[in-house]
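Peer 1: The structure's right below; bear with me while I get my questions together.
The values are calculated or read from the model by the stated rules, or taken from the named source; none is laboratory data. Keep in mind it's a predicted model, so treat the numbers as computed, not measured. Note: ideal-geometry Cβ built from the backbone for every residue, glycine included; neighbour counts use all protein chains shown. Only protein heavy atoms, including side chains, enter the accessible area calculation; ligands, DNA and RNA are left aside. Shrake-Rupley method; radii C 1.70, N 1.55, O 1.52, S 1.80 Å.
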Amino acid sequence: LLTISSPVADTVLTSGAVRLDYTSSESASVTVLWDGQGGSSESGSIVQLVDGNHTLMMIATDNAGNTSNTTLSFPIDSTPPHIQILSPVAGSAISDESPVLWVVADEDGTGSLEVNGVTLGSVTFAAGVEQSFALGTLIDGSYDVVVSATDVYGNEGVLTASFTVNGEAPSVAV
């Protein structure tokens, strides 16, 4: 009888370093197949896998030639959300002293928004949905915006962008 304690079936892993932990009820040789390929079979060993869905199959054979096997599947997601600041464009100069920040993330999750080191609040992201945030009235000057997003598995993405507000009209001398 094989008992696998790690990885756990259908549990999302956030690292590609997967630890194999198991016990066998009797002295048996154990064959391990990671995604159909042979790999480390020692309990306590670590194998490196990429993001995606994976299958672990273990086959135990005792001294009499009897076999038992068990298979489990699990996904790996170690990729942080990708964030885009749509407006104001990074590096731009805008004249609107009450700008609206438009952002989008590619995964569901939560995050925060800060301007010049001041947290404006928390954000709930829905994958692919553009969101707007009023930044209030800003005086002329440079602004650094930091948007963070953490997906449901704890992977965090952070994006920083700067823009300048220049609401003063140019003067014309006659």
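Peer 1: Given a 1.4 Å probe and every protein chain left where it sits, what share in percent of the accessible area of the range 79-174 is carbon and sulfur? The partial results should precede the final answer.
Peer 2: Numbers: 2890 of 5420 Å².
Reported share for carbon and sulfur atoms: 53 percent.
Peer 1: Give, in nm to one decimal, the length gained when the segment between Thr55 and Ala93 is fully stretched (0.36 nm per residue of separation minus the Cα-Cα distance). Let's see the in-between values first.
Peer 2: Values: separation 38, 0.36 × 38 = 13.68 nm, distance 5.12 nm.
Between Thr55 and Ala93, full extension yields an extra 8.6 nm.
Peer 1: Could you work out the relative contact order of the chain? I mean the mean sequence separation of Cα pairs under 8 Å and 6+ apart, divided by the number of residues, in percent.
Peer 2: Once normalised by length, the contact order is 19 percent.
Peer 1: For a quick protection proxy, order the peptides 152-165, 115-128 by their average other-Cβ count within 10 Å, most packed first. If you can, show how the numbers build up before the last one.
Peer 2: Numbers: 152-165: 15.7, 115-128: 12.5.
Taking the mean over residues of other Cβ atoms within 10 Å, the ranking is 152-165, 115-128.
Peer 1: Right, here's the next one. Among [x] 53, 14, 11; [y] 28, 18, 13; [z] 56, 12, 11, find the value of semi-axes √(5λ) of the Cα gyration tensor in Å that was calculated from the structure presented, and write down its label.
Peer 2: Only one option fits the structure, namely [z].
Peer 1: While we're on this one: Ordered by residue, what ³J(HN,Hα) values in Hz, to whole numbers, does the range 119-129 give under the Karplus form 6.51 cos²θ - 1.76 cosθ + 1.60, where θ = phi - 60° and Gly and Pro are x?
Peer 2: My calculation for the range 119-129 gives 6, 8, x, 9, 10, 10, 9, 10, 3, x, 8 Hz in order.
Peer 1: Would you tally the net charge around Gln84, using a Cβ to Cβ cut-off of less than 13 Å, leaving Gln84 out, and scoring K and R as +1, D and E as -1?
Peer 2: -3
Peer 1: Averaged per residue, what accessible surface does the range 1-71 expose to a 1.4 Å probe, in Å²?
Peer 2: That works out to 58 Å² for each residue.
Peer 1: Can you give me the C-alpha center-to-center distance between the range 152-174 and the range 47-110, rounded to a whole angstrom?
Peer 2: Centre-to-centre distance over Cα atoms comes out at 29 Å.
Peer 1: Another question, if that's okay. How much of the DSSP bridge set in the range 50-170 is antiparallel, in percent, rounded to the nearest 5?
Peer 2: 95
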